[in-house]
Amino acid sequence: TMFEKASIQLGQTLARRGITLIYGGANVGLMGTLASAAIEAGGKVIGVIPKFLQDKELAHEGLTELILCDSMHERKTKMFELSQGFIAMPGGFGTLEELAEMLTWHQLGLHSFPIGVLNINGFYNDLLNFFDTMVKSKLLHSDNRGTILSCPDVPTLLEQMSSYKATPITKWLDREST
């Protein structure tokens, strides 16, 4: 599929650029494809997986490092601590939840790393339009809307992310004055 092709391209590109992939540790789905592509291209890949999912999600055997943890919350915290940027591939509820958390943490000033969505074939168009609706409804400041980068192709998204400079965070407390 086009999503699998993009996963392979992303994995290979990260490996070629010497960027370590930090992800959820499974060998299934698009993330498993991504990890395998990065490993096969000689990249460093760190997986973080809760013990209760280790068997269910079939932990990837070929990783540079596999970190076991006790909960989903601990998994996300550890992945965040190891990361300097975030890319959301097309995905389901888990992807949406992790993306929303990284956007929220950025808004609150807990990090200033780039956040991108690989918007393959317009997969994220409806979500991006919803973010625009939040701004129009004055429920999200346009500075915070601007923190999410979106592109349908891997090289351009990585270029956007590498040149990303966080604008000063607009604190939610200041919203009344803007």
Look at Arg75 and say whether it is under 30 Å from Asp143 (Cβ atoms) and surrounded by fewer than 18 Cβ atoms within 10 Å (Cβ to Cβ).
-> no
Restricting region 43-62 to residues that are part of a loop (DSSP other than H, G, I, E, B) and modelled with pLDDT of 95 or more, the one least open to solvent (accessible area, probe 1.4 Å) turns out to be Gly43
Which condition number in (1) among the acidic types (Asp, Glu); (2) open to solvent by 60 Å² or more (accessible area, probe 1.4 Å); (3) modelled with pLDDT under 95 is the one that Glu40 fails?
-> (3)
If you take the residues of region 85-136 that are assigned to a loop (DSSP other than H, G, I, E, B) and among the small types (Gly, Ala, Ser), which of them is farthest from Val154 (Cα to Cα)?
-> Gly109
Of the residues in region 2-22, how many are assigned to a loop (DSSP other than H, G, I, E, B) and either surrounded by 18 or more Cβ atoms within 10 Å (Cβ to Cβ) or at negative phi (or both)?
-> 3
Across region 122-178, the tally of residues that are modelled with pLDDT of 95 or more, open to solvent by less than 60 Å² (accessible area, probe 1.4 Å) and among the small types (Gly, Ala, Ser) stands at 2
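Any idea which of Ile22, Ile8, Ile46, Ile87 is more than 27 Å from Leu128 (Cβ to Cβ) and either more than 15 Å from the chain's Cα centre (by Cα) or among the aliphatic types (A, V, I, L, M) (or both)?
The conditions single out Ile46.
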Residues of region 23-37 being touching a strand residue (DSSP E or B) at 6+ places or on another chain (Cβ under 8 Å) and open to solvent by 40 Å² or more (accessible area, probe 1.4 Å), which ones?
-> Asn27, Met31
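The values are calculated or read from the model by the stated rules, or taken from the named source; none is laboratory data. Everything numeric in this text was worked out from a predicted model, so none of it was measured. Note: ideal-geometry Cβ built from the backbone for every residue, glycine included; neighbour counts use all protein chains shown. Ligands, DNA and RNA are stripped out before the accessible areas are found, and what is left, the full protein with its side chains, is counted by its heavy atoms. Shrake-Rupley method; radii C 1.70, N 1.55, O 1.52, S 1.80 Å.
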